[in-house]
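Visitor: This is the structure, below, for whatever I ask next.
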Amino acid sequence: MQSPVSNLQYPISNLQSPLGFLTAYVPEELFHAAGFTPIFIFHTADAHGFARAHLPGFTCWVAGSALDQALAGRLDGLAGMALAQTCDTTQGLTDLWRRNVPHIPLFHFGMPLRLGSPSARAYLLAELQSLRERVQALAGRPIPDDALRESMALYNRTRALVRRLYARAALGDIAPPDLYGLVRAAFQMPKETYNQEIGSKMQELSPLPSCAPAPLLLLVGPALADPVLFDVIAQAGARVVGDLLDLGERYFAVDAVEHGDPLAALADRLLALVPTPTKHHPQRTRAAHLLSLVQERSADGVIFARQKFCEPHGFDYVQLAHALDQAGVPHLLVELEQASQAGQLRTRVEAFVEMLA
Amino acid sequence: MYTAGVDIGAITAKAVIFGDGELLATPLILAGYDRAAAALQVLDQALAQAGLTREQIARLVATGYGRVQVPGADRTVTEITCHARGAHYLCPDVHTVIDIGGQDSKGIAVGAGGKVLDFVMNDKCAAGTGRFLEVMAHALEVDLADFGQLALSAPRRANISSTCTVFAESEVITHLATGRPRAEIVAGIHEAIAARVATMVGRVPVREVIVLTGGVAHNAGVARMLEEKLGHAIFVPEHAQLAGAIGAALIARE
Amino acid sequence: MPRYPRLRSLKEINSVMTRYYVQRKVLARIKPLAYVTSGAPVEILEAMGVLTLYPENYGALCGARGAAVGLCQVAEAQGFPADLCSYARSHIGAVLRPSDAPLSGMPRPDLLVCCNNICGTVLKWYEALAALYDVPLFVIDVPFQRTTPAEPYVVAYVADQLREFVAWLEAHTGRRLKPNRFHSALALSREAVALWQEVLAFGQHRPSPINAPDLFVAMAPIVALRGTRRAVDCYRRLKAELEERVAQGIGAVPGERYRLLWDNIAIWYRLYRFFRPFMDAGACFVADTYTNAWTVELDLDDPFVGLARAYSGVFINMSLPTRLRIIADLARRFQVDGMVMHANRSCKPFSITQDDVRDELRDELDLPVLIIEADMCDARLYNEGAVRERVAAFLETLEML
């Protein structure tokens, strides 16, 4: 099944001043306003054998692959690399990247752990200012407030478009590989191009037949999970109507305020997002959000797509699964790794879909 | 109406024909490398046992690791759903199925009519599967067929603590080198696999009646030690290894 | 005469810790009890008369008593993946099934206090505890120190949180933080830390009167009794005993031939056994990065800023270049001949940069380094045969140098 989104490839060499990033808390607009093109460094199934000389085997492949690609020279076109403070592995990657990939300058952004506290906001503003200065130093020119506001407006347009994608998904009207192919593309190309092209791409997708009583699923997990998973879900006859993936629906749910102090706008947007497992908000919990999403989308079940060795999602799974159990919502856990076995995924997902039928 | 279920596992291929209210055939062969050929072969044997022709089979459901390679299947269903259904046929009061196959193990919570309520699987790691026993039997030069009874005959059990089969094998060799009686090492091996499976199954809350299916079910050592770990009695039906194919044949009737 | 002389003070420390757990159980009925992480600013709690217990210390205890594997399985049966930190799995297992746990588990907490200066896992562990116990949780965010010293706005952020923390404690316990008690707790903490630093410095002697496993036993008070007089007393006695040894030329490893550096948390279920082959070959672990983690001095002039600085400066919260400087400095001051690093599955902050540290020590300092893959608590991950082989090969390397 050839989808119109399957060939949305943008090699790094085609991009202007590409800036790689990992984690769901990098303020992309700041880099964009400085003239860089932020792109997420997604993990690939193939390993070049370099990462494991530095990162022990008991770390997730989402981090390992980025280091592996960098050491294999696949990322040489990057002007820089950014990551936010999130998990222990990312923190370690900061050190390893600085030491072993010195030709790609690394920006560490100290996103606070506690959301919803005034002291955290004050710190976040100071940290954004620090980042702004460091990025200006690399760009060799200042980042004026107006440029920041323009970048935020551009990104807001992208976010609105992705929300439309998810609105279509909520109706069960888009196949999972197409949905995530288009969401993923937002992370891999200039936003300007994406905003122009996504409209036509969405129209090219034929609406799905609504006859079959396909189970409606939500996905939970780090990054944007794994393409092989979406194929398996589609082949098992299920639809994804929403998600709590770190780079999924939640990432595009909140816009940045386009007037006033731009750093404050960036800060407030980051603080307003549904937390990923590495962040703590005493009142706004992921469990509550997931349950309301289940209700809102009339989801039949939830698939947790965890990366092996991911501790934040590993612990979080237990809390969320418990909340789902109490609400009587069926769920499935699949563990993804460097080379996830499609056959094994298929058995689990199909059995789950059979269970829901 | 006659229906057939074919279960192509990693190691064995099973077929079941159901009709006239009973099981008419239950052959089992090695799956080998050519799964499609194995499927045809085991189905032929089943037909011969039942005295039927292929045309008389109204519907065929395929399950197991190689289910998409079964020629002529009307439908494919996962072994989880099939084992639940099959175990329910063999034991209508079943609430938990524990399936230990050659390369994977599963825990299935079963509801009314043999419906799957929840399941958990281990197919990533040899420990907790038949492969673990195979590797150890080879290391100890014991026939797999005698393994279970040998385990039960030991007064004590050697401690095998590693989660990894490769590590555990080196533990076994160390025990041998220090002169530990073979039966006690075998008992330790059985305890290790039982502990591993019990931990996994605990995630779909265990409720009686518990039925053990899959090739390893007939290993009395594993069955008894699992009972110990779970604190519940475990029922091992005569056709334990055929539960998947039985379930498939029954689902074919729907 | 025992082949390897045992320090009397360690026996005393062990009984102090046994009494500590027993007393907590009793006192928890009348005083508020908080579970805290090992890097939390416990001086505040001490000053307010809030009892503290350390799930990490309890996890180590479970490991040392061989109870960790069973408890981990209890947690895993509840859905906690087996690749999570084994302290967390052991402790959660003990919470779920206290009947299988050492000391029948710990008493229920009234409060939970979590500080991420040691790792990010504690946040999730304590969130799980908050759900299990349904008690309030306070999180102290100590940013990763990517430059040392930390920028002023970072220190201010941590100091602000500590003030918030005091207000939260006052609201939840009905107790007030009185300045004189605060000052007293800070002073005692500082004194204990200074004494602990002196204890560690004894490893510079030839022969060293103390070996790393001794330090792993001796460290319990600096972790769990920081801010109390008892910790000060423990280390005064230990220091005196070590002075005695030095005066008499007694080494922890008689006939000391090799001096080694240890990295990462101890292998609790092989606490002394792991080190026997080394001791038998005359190798003494004269310094380590784990017990050095509690050596940051407190500035008493501005307590909240002082605490913020001290607790930001723990070893595993600092960047690799800083850690390399500390390790190189230890290697030089303690005149080590090699290093053994525990690649501890459960502790990513400690373990992630080990390959690069090994490369640096080998290339820049010409030191042989051995990396042992294991886990601090989960004995299922310990491959006796493989460890034996690697240790033997490493000892041969030392001999040939």
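The values are calculated or read from the model by the stated rules, or taken from the named source; none is laboratory data. Worth saying up front: this structure is predicted, and the values here are computed from it rather than measured. Backbone-built Cβ (ideal geometry, glycine too); neighbour counts: all protein chains shown. Please note that ligands, DNA and RNA were not included when accessible areas were found on the heavy atoms of the full protein model with its side chains. Shrake-Rupley method; radii C 1.70, N 1.55, O 1.52, S 1.80 Å.
Visitor: Quick one: ranking A:306, C:362 by accessible area, 1.4 Å probe, largest first, what do you get? Write out the running numbers ahead of the final one.
Guide: Values: A:306 5, C:362 110 Å².
So the residues, ranked largest to smallest area, are C:362, A:306.
Visitor: Let me ask something additional. At 1.4 Å probe size, put C:173, B:76 in order of accessible surface, largest to smallest. Let's see the in-between values first.
Guide: Working: C:173 30, B:76 60 Å².
Descending accessible area places them as B:76, C:173.
Visitor: Using the Cα atoms of segment C:143-204 to build a convex hull, what is its mean projected area in square nanometres? Present the calculation step by step, with values, prior to reporting the outcome.
Guide: Numbers: hull surface 25.5 nm².
Mean shadow area of the hull around the Cα atoms is 6.4 nm².
Visitor: Also, I was wondering about something else. Binning at 10 Å from 0, report for chain C what percent of all alpha-carbon pair distances ends up in each bin.
Guide: Here the calculated profile for chain C is 5, 23, 33, 27, 11, 1, 0.
Visitor: Separate question: I'd like the FRET efficiency for residue C:164 and residue C:305, computed as 1/(1 + (r/R0)^6) with the beta carbon distance as r and R0 of 22 Å, rounded to 0.05. Walk me through the intermediate numbers first.
Guide: Details: r = 15 Å, r/R0 = 0.66.
Efficiency computed from Cβ-Cβ geometry: 0.90.
Visitor: Next up: What is the Cα centroid distance between segment C:1-56 and segment A:183-208, reported in whole angstrom?
Guide: Taking the Cα centre of segment A:183-208 as reference, the centre of segment C:1-56 is 59 Å away.
Visitor: Tell me, what is the FRET efficiency for residue A:283 and residue C:276 to the nearest 0.05, using R0 = 41 angstrom and their Cβ-Cβ distance as r? Present the calculation step by step, with values, prior to reporting the outcome.
Guide: Working: r = 53 Å, r/R0 = 1.29.
So, using R0 = 41 Å, E works out to roughly 0.20.
Visitor: Can you sort C:272, B:89, C:157, B:65 by solvent-accessible area, 1.4 Å probe, largest first? Mind showing how you got there, number by number?
Guide: On the way: C:272 50, B:89 80, C:157 5, B:65 145 Å².
Order by accessible area, largest first: B:65, B:89, C:272, C:157.
Visitor: What's the average, rounded to a whole number, of partner chain beta-carbon atoms within 10 Å of each residue's beta-carbon in B:199-210? Kindly include the intermediate steps, with their values, before the conclusion.
Guide: On the way: counts 7, 3, 1, 6, 7, 0, 2, 1, 0, 0, 0, 0.
Averaged over the peptide's residues, the number is 2.
Visitor: Starting with the highest mean, order A:153-162, A:236-245 by the number of other Cβ atoms within 10 Å, averaged over the residues of each peptide.
Guide: Values: A:153-162: 17.7, A:236-245: 24.2.
Top of the packing list down: A:236-245, A:153-162.
Visitor: For the protein assembly as shown, what is the mean residue ellipticity at 222 nm derived from helices alone (per DSSP H run of n ≥ 4: -39500 (n - 2.57); sum divided by total residues; nearest 500 deg cm²/dmol)? Present the calculation step by step, with values, prior to reporting the outcome.
Guide: Numbers: 37 runs with 476 residues, N = 1012.
One gets -15000 deg cm²/dmol as the mean residue ellipticity at 222 nm.
Visitor: Which parts of segment A:53-83 would a label at residue A:10 reach, counting a residue when its backbone N lies under 20 Å from a point 7 Å out along Cα-to-Cβ?
Guide: A:66, A:70, A:74-83
Visitor: Normalise the Debye intensity by I(0) for the protein assembly as shown, one equal point scatterer per Cα, no solvent, then take log10 at q = 0.07, 0.10 Å⁻¹ and round to two decimals.
Guide: Log10 I(q)/I(0), no solvent term: -0.66, -1.30.
Visitor: With a 10 Å radius around each residue's Cβ, average the other Cβ atoms per peptide and rank A:248-254, B:214-220, highest first.
Guide: Working: A:248-254: 19.9, B:214-220: 22.6.
The peptides rank, most packed first, as B:214-220, A:248-254.
Visitor: Could you order peptides B:50-63, B:22-35 by the average number of other Cβ atoms within 10 Å of their residues, highest first? Each step should come with its number before you reach the end.
Guide: Working: B:50-63: 18.2, B:22-35: 16.3.
Highest-to-lowest ranking by the protection proxy: B:50-63, B:22-35.
Visitor: Could you compute how much accessible area chains A and B hide from each other, both sides summed, with a 1.4 Å probe? Nearest 100 Å² is fine.
Guide: Details: alone 14980 and 11130 Å², together 24810 Å².
So the total buried area for this chain pair works out to about 1300 Å².
Visitor: Let me ask you something else. With the calculation restricted to Cα positions, what are the radius of gyration and Dmax of segment B:206-249 in angstrom?
Guide: Radius of gyration, then largest Cα-Cα span, for segment B:206-249: 10.8, 33 Å.
Visitor: Just checking the output field for A:108-115: average partner chain Cβ neighbours within 10 Å of each residue's Cβ? Write down the numbers at each step before the final one.
Guide: Details: counts 5, 1, 8, 2, 4, 10, 9, 1.
Per residue, the number of nearby Cβ atoms from other chains is 5 on average.
Visitor: With both partners inside the protein assembly as shown, how many of the DSSP beta bridges are antiparallel, as a percent to the nearest 5?
Guide: Values: 23 of 92 bridges.
The antiparallel proportion sits near 25 percent.
Visitor: 7 Å from Cα along Cα→Cβ at both residue C:175 and residue C:257: what's the point-to-point distance in nm?
Guide: So the label points at residue C:175 and residue C:257 sit 5.4 nm apart.
Visitor: Quote the accessible area belonging to residue A:12 in square angstrom, nearest 10, computed with a 1.4 Å probe and with ligands, DNA and RNA left uncounted.
Guide: My reading of the accessible area for residue A:12 is about 30 Å².
Visitor: Still on this structure, please answer the following. Averaged over all directions, how much area does the convex hull of the C-alpha atoms of segment A:204-313 cover when projected, in nm²?
Guide: On the way: hull surface 37.5 nm².
Convex hull of Cα atoms, orientation-averaged projection: 9.4 nm².
Visitor: Count the net charge of all other residues whose Cβ sits under 12 Å from the Cβ of residue C:29, scoring Lys and Arg as +1 and Asp and Glu as -1.
Guide: On the way: positive: C:24, C:25, C:31, C:108; negative: C:110.
Its environment carries a net charge of +3.
Visitor: Counting partner chain Cβ atoms within 10 Å of every residue's Cβ in A:309-322, what's the average?
Guide: On the way: counts 5, 3, 13, 5, 2, 10, 13, 3, 3, 11, 6, 0, 3, 4.
Across the residues of A:309-322, the mean count of other-chain Cβ atoms within 10 Å is 6.
Visitor: ³J(HN,Hα) across segment B:68-85 via Karplus (A = 6.51, B = -1.76, C = 1.60, θ = phi - 60°), whole Hz, x for Gly/Pro?
Guide: 6, 9, 8, x, x, 6, 7, 7, 10, 9, 5, 5, 5, 4, 5, 5, 5, 5
Visitor: Using a cut-off of under 12 Å, list every residue of segment A:78-96 whose amide N is near the label point 7 Å from the Cα of residue A:141 along the Cα-to-beta-carbon line.
Guide: Under cut-off, by backbone N: nothing.
Visitor: Mind checking how much accessible area C and A bury in total, 1.4 Å probe, in Å² rounded to 100? Display every interim value, and only then the final one.
Guide: Working: alone 16810 and 14980 Å², together 27820 Å².
Buried area between the two chains comes out at roughly 4000 Å².
Visitor: Keeping all protein chains in the complex and leaving out DNA, RNA and ligands, what accessible area do you get for residue C:17 with a 1.4 Å probe, in Å² to the nearest 10?
Guide: Rounded to the nearest 10, the figure is 20 Å².
Visitor: For segment B:93-236, count all C-alpha to C-alpha pairs, find those more than 28 Å apart, and express that count as a whole percent of the total. Before the final figure, lay out each step's value.
Guide: Working: 1594 of 10296 pairs.
The share of Cα pairs beyond 28 Å in segment B:93-236 comes to 15 percent.
Visitor: Here is a further query. For the residue pair residue C:184 and residue A:298, what label-to-label distance in nm results when each label sits 7 Å from Cα along the Cα-to-beta-carbon direction?
Guide: For the pair residue C:184/residue A:298, the computed spacing is 6.7 nm.
Visitor: Would you calculate the separation in nanometres between label points at residue C:229 and residue C:297, each defined as 7 Å from the Cα along the Cα-to-beta-carbon direction?
Guide: So the label points at residue C:229 and residue C:297 sit 2.6 nm apart.
Visitor: Okay, moving on. Nearest 100 Å², what total accessible surface is buried between chain C and chain B (probe 1.4 Å)?
Guide: Working: alone 16810 and 11130 Å², together 27130 Å².
What C and B bury together is about 800 Å².
Visitor: In square nanometres, what is one fourth of the surface area of the convex hull spanned by the alpha carbons of chain A? Provide the component values of the computation, followed by the final result.
Guide: Values: hull surface 67.6 nm².
The number I arrive at for chain A is 16.9 nm².
Visitor: About the Cα centre, and with charges only on the beta carbon of Lys, Arg (+1) and Asp, Glu (-1), how big is the dipole of chain C? Nearest 20 debye, please.
Guide: Numbers: 46 positive and 46 negative charges, 319 e Å.
So the dipole magnitude of chain C works out to roughly 1540 debye.
Visitor: Residues of segment B:187-226 with the amide nitrogen closer than 15 Å to a label point 7 Å from the Cα of residue B:174, along Cα-to-Cβ, please.
Guide: B:189
Visitor: Of the options A:112, C:336, B:90, report the single residue whose Cα projects farthest towards the positive end of the charge dipole of the protein assembly as shown (beta-carbon charges: Lys, Arg +1; Asp, Glu -1).
Guide: Result: C:336.
Visitor: Per residue, how large is the accessible surface of segment B:93-236? Use a 1.4 angstrom probe and give square angstrom.
Guide: Details: 5700 Å² over 144 residues.
On a per-residue basis, segment B:93-236 sits at 40 Å².
Visitor: Could you compute how much accessible surface residue C:8 exposes when probed at 1.4 Å, giving the result in Å² to the nearest 10?
Guide: Surface accessible to solvent at residue C:8 totals approximately 140 Å².
Visitor: Over 28 Å between C-alpha atoms is what I'm after, so list which of C:178/C:239; B:106/B:229; B:115/B:229; B:229/C:25; B:124/C:348; A:201/A:308 land there. Numbers along the way, then the final one.
Guide: On the way: C:178/C:239 32 Å; B:106/B:229 16 Å; B:115/B:229 26 Å; B:229/C:25 31 Å; B:124/C:348 23 Å; A:201/A:308 33 Å.
Pairs exceeding the cut-off: C:178/C:239; B:229/C:25; A:201/A:308.
Visitor: Using only Cα atoms, locate the centre of segment A:228-262 and the centre of segment B:155-183, then give the distance between them in Å, rounded to an integer.
Guide: The distance from the Cα centre of segment A:228-262 to that of segment B:155-183 comes to 49 Å.
Visitor: Quick one: in chain B, what % of C-alpha pairs are over 23 Å apart? Working shown, then result.
Guide: Values: 15772 of 32131 pairs.
Cα-Cα pairs in chain B separated by more than 23 Å: 49 percent.
Visitor: Lys and Arg at +1, Asp and Glu at -1: add these up for the other residues within a Cβ distance under 9 Å of residue B:78 and post the number.
Guide: My count for the surroundings of residue B:78 gives 0.
Visitor: Computed FRET efficiency, Cβ-Cβ of residue B:164 and residue C:328, R0 35 Å: what is it to the nearest 0.05? Spell out each step's value before the answer.
Guide: Working: r = 35 Å, r/R0 = 1.01.
Working from the Cβ atoms, E equals 0.50.
Visitor: Same structure, new question: Would you work out what percent of the accessible area of chain C, with all protein chains in place, is carbon or sulfur (probe 1.4 Å)?
Guide: Working: 7330 of 14420 Å².
Looking at chain C in its full context, I get 51 percent from C and S.
Visitor: If you take the charge dipole of the protein assembly as shown about its Cα centre, with +1 on Lys and Arg Cβ and -1 on Asp and Glu Cβ, which of A:139, A:205, B:76 is farthest toward its positive end?
Guide: A:139
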